Amino acid sequence: QKEVEQNSGPLSVPEGAIASLNCTYSDRGSQSFFWYRQYSGKSPELIMFIYSNGDKEDGRFTAQLNKASQYVSLLIRDSQPSDSATYLCAVRDRDDKIIFGKGTRLHILP
Amino acid sequence: EAQVTQNPRYLITVTGKKLTVTCSQNMNHEYMSWYRQDPGLGLRQIYYSMNVEVTDKGDVPEGYKVSRKEKRNFPLILESPSPNQTSLYFCASSYDRDWSYNSPLHFGNGTRLTVT
């Protein structure tokens, strides 16, 4: 059974600090990796995707991928209260199936 | 506007009364999928479709049916709903015609279903 693991949280981070969200996956043949943000009762919205080892930056967000360690992370710089949400890691595996982690709840403390 | 449209947004029904949740996308996406989301269990895939007339079971298909007669529509059918199908349901679509590695899922706004 292919799995995507995330710490459920809640992860509490002071406003203005860096929030670091982590995700591990079991299928070494996984192809691409996504971070979605989901506010309570709302649909997930895509924040970042990454498919090559290393870092990818978009504004305050940085996705980091290490395929050897089967690890993907999301850094949020200058955290804002509006960043408080659940963050879902999603992985497209070798069979082109998208598998979601259960999400990490992030709480930004004003 | 490019979007995935689900209806209804909220639905309360009784055990055994057949219902359909509609899903339509206007992005000419090949791939469509249904998920249910429950507290502590995350998003679980019910069914997906890689193309018209092609559907496959996801992780939790029991009690559900789907059809894909046209590219844009992918309805979810509950023939005999039960209380354990009370959940938040999401339809999603993606452009995967060329097996693009970077094609994300676009989600609908969700349907909150309560079965009493």
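Taken together, the values in this text are just the output of simple stated rules run on the coordinates, not laboratory data. Keep in mind the model is a prediction, meaning the values are calculated, not measured. Positions of Cβ are backbone-derived with ideal geometry, glycine not excepted, and every protein chain shown enters the neighbour counts.
Tell me the net charge near A:Y51. Cut-off is 10 Å between Cβ atoms, A:Y51 excluded, with +1 for each Lys or Arg and -1 for each Asp or Glu.
For residues surrounding A:Y51, the net value is +3.
Enumerate the amide H contacts of B:T86 below 5 Å, restricted to partners 5 or more residues apart or on another chain; note that Pro and chain-start residues carry no placed amide H.
B:V115
So how do A:R77, A:R28, B:R72 line up by other beta-carbon neighbours within 10 Å, fewest first?
A:R28, A:R77, B:R72
Near B:T55, within a Cβ-to-Cβ distance under 12 Å, what is the net charge of the other residues, with Lys and Arg +1 and Asp and Glu -1?
Once all neighbours under 12 Å are counted, the net charge is +2.
Around A:Y39, under 12 Å between beta carbons, what's the net of Lys plus Arg minus Asp minus Glu among the other residues?
+1
Nearest-5 percent of antiparallel DSSP beta bridges in chain B?
In chain B, DSSP labels about 90 percent of beta bridges as antiparallel.
What is the distance in Å between the Cα centres of the range B:6-63 and the range A:24-59?
If you average the Cα positions of each part, the centres end up 22 Å apart.
Projecting each Cα onto the charge dipole of the protein assembly as shown (Lys/Arg +1, Asp/Glu -1 at the beta carbon, about the Cα centre), which of B:H106, A:I50, B:T55 comes out farthest on the positive side?
B:T55
Before anything else, pin down the relative contact order of the range B:24-116: Cα pairs under 8 Å, at least 6 apart, normalised by residue count, whole percent.
It comes to 29 percent, rounded to a whole number.
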